[in-house]
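What follows is a single structure, written as structure tokens, with notes after it.
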Amino acid sequence: MVRVRLRFEKAIVDQPITSEIILKQGVAINILAAHINQEGGEILAEIEATNAQKVIKAFRDRGVKVEVRELIE
């Protein structure tokens, strides 16, 4: 699993970006935490490693700032 922080700016926070990416990519995203309001927000999520790059690219293409969190094992 790849852990990512998704940051949504005020201009895009009212769009259904996360659900559209889940449906279009056909990839499950495990949302660990979320804080979103009309000013913006962020989601901490996990994505399967095999699909992570295409999902991250899809979020970035929609204007979401993506920070990849490295997990220590």
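List of remarks:
- Any pair with Cβ under 6 angstrom, 6 or more apart, that starts in segment 1-27 at a residue that is at pLDDT 95 or above and ends at one that is open to solvent by 50 Å² or more (accessible area, probe 1.4 Å) and of a type in the set (Val, Ile, Thr): VAL4/VAL68
A quick yes/no check of all residues on (1) surrounded by 11 or more Cβ atoms within 10 Å (Cβ to Cβ); (2) in a strand (DSSP E or B); (3) touching a Cys at 6+ places or on another chain (Cβ under 7 Å):
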position	(1), (2), (3)
ILE36	yes, yes, no
ILE43	yes, yes, no
THR50	no, no, no
VAL55	yes, no, no
PHE59	yes, no, no
VAL66	yes, yes, no
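The values are calculated or read from the model by the stated rules, or taken from the named source; none is laboratory data. This one's a predicted model, so the numbers in the text were calculated from it and none came from an experiment. When we count neighbours, we look across all protein chains shown, and the Cβ atoms used for this are built from the backbone with ideal geometry, even at glycine. For the accessible areas, the whole protein counts, side chains as well, though only heavy atoms, and no ligand, DNA or RNA atoms are used. Shrake-Rupley method; radii C 1.70, N 1.55, O 1.52, S 1.80 Å.
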